[in-house]
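A short write-up of the structure that comes next.
Please treat every number below as a calculation from the coordinates, not as lab data. In this text, all values refer to a predicted model and were calculated from it rather than measured experimentally. Cβ atoms come from the backbone with ideal geometry, glycine included; neighbour counts cover every protein chain shown.
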Amino acid sequence: MVSTGTSTTHIVRDRPRLAIRTSMSVTSTRSPRGFMRRATPWSRPRGLGGWKVLKPMSRSRNPGPWSVRCPVMGRLAEMFARHRVTGTGALMPFIVAGDPTLGDLPALLQALESAGADAVEIGIPFSDPIADGPLIAAAMHAALGRGTRVESVLERVRDCRDSIRLPLLAMVSVSIVDRLGGATFIEALSDAGFDGVIVPDADLDTIEPLVAAAEAADIGFSTLLAPDTSPERAARIASTAREFLYLLARRGITGERGDAPDLEGRVGRIREITALPLAAGFGISSAEHVATVVRDADGAIVGSALVRAIGEAVSSGEDLADAVVRFVEPLATAAHRSNPS
């Protein structure tokens with residue numbers, strides 16, 4: 001088995017079998033123990049589709065170099081791979097679609113991109129956000145009151161997708177997914193330009209059809225891992241994720257906290273059961289928090305604090321894009337500071 005960044009390739013006789021979607025070049029060389037394989041990522045994302053053999057594997061004693069082109073390395077996988085190479089962390093802000101209005105979404109995404117965000121989670125509003133604290137819950141209820149609906153969110157993302165290079169993830173309740181039909185809804189997310197989906201309240205025992213639908217639609221599927229999850233259940237949860245694993249940094253609901261979460265020991269244990277990138281959220285609200293998180297995890301997710309900053313900008317009449325850039329830039333700087341460890 002060889003690992004490169006976020007990818008792991010298992011060699012079975014003459015055929016490589018990809019465990020995590022990516023794109024890589026694989027080279028075979030002779031050694032005293034047999035043929036050794038070395039895998040390295042391609043320099044840029046490749047197209048969709050199956051394996052494309054660039055030079056077939058020879059069965060002779062000296063097969064020489066060979067390469068395979070695997071299914072897509074999407075924006076998310078490429079982003080995490082880039083940060084792993086540079087020893088830096090990713091900043092992944094969370095916003096609510098329709099906050100302050102759905103018409104503001106393109107400008108918000110452009111501001112987040114210019115401020116240094118690496119990916120953006122877009123929460124699709126629903127009426128019972130039980131895991132969210134008062135800030136995000138209020139933003140979701142207000143967005144619903146202004147007429148924000150799933151279809152309008154998808155349409156707005158589709159309209160502005162070509163101007164946004166960032167990976168986009170949809171955070172959506174399982175109630176919405178079930179109402180619209182799992183496979184149909186996930187296909188619609190992919191068509192709109194989303195790179196991944198998180199269904200935080202999906203039941204682990206019934207999640208497999210959603211994972212399969214996401215794979216069929218070439219969209220990443222990420223799952224949440226709570227702090228008090230048993231090792232056995234953690235392994236099951238990790239096995240359902242495809243792009244990254246979302247670590248809940250704290251127990252309880254979302255919201256700002258004064259202290260930074262301590263993830264060191266926990267991240268070490270989780271890395272023993274998965275090679276996926278780990279991004280932590282819940283209660284991360286400052287540059288100091290972000291810097292602490294990315295010492296251990298691969299990414300930091302900031303939600304409530306950004307939602308608060310957006311609300312304050314609207315209340316004061318400040319330019320929304322300027323306020324977002326001013327708030328996010330220090331967080332991005334903290335995440336992107338090289339970690340020598």
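The string of couplings for region 302-311 from the Karplus curve (6.51, -1.76, 1.60, θ = phi - 60°) is 10, x, 4, 5, 6, 4, 5, 4, 5, x Hz, one whole number per residue in order, with x for Gly and Pro. Residue order for Ser173, Ser338, fewest other beta carbons within 10 angstrom first, comes to Ser338, Ser173. Phi angles of region 151-156 translate, via the Karplus equation with coefficients 6.51, -1.76, 1.60 and θ = phi - 60°, into HN-Hα couplings of 4, 6, 5, 4, 5, 5 Hz per residue; Gly and Pro are given as x.
Here the simple spin-label model places points 7 Å from the Cα toward Cβ, and for Asp191 and Arg161 these points are separated by 1.0 nm. Protection proxy ranking for 293-303, 162-172, using the average of other Cβ atoms within 10 Å per residue and placing the highest first: 293-303, 162-172.
Phi angles of region 284-289 translate, via the Karplus equation with coefficients 6.51, -1.76, 1.60 and θ = phi - 60°, into HN-Hα couplings of 9, 9, 9, 4, 4, 4 Hz per residue; Gly and Pro are given as x. Less than 5 angstrom separates the built amide H of Ala90 from those of Gly299, Ala300, all sequence-distant by 5 or more or on a different chain. With contacts taken as Cα pairs under 8 Å at a separation of at least 6 residues, region 78-336 carries a relative contact order of 24 percent. Extending 7 Å from Cα along the Cβ direction at Thr206 and again at Glu272 yields two label points whose distance is 3.4 nm. Between Arg179 and Thr86, the contour length at 0.36 nm per residue exceeds the Cα-Cα span by 29.3 nm.
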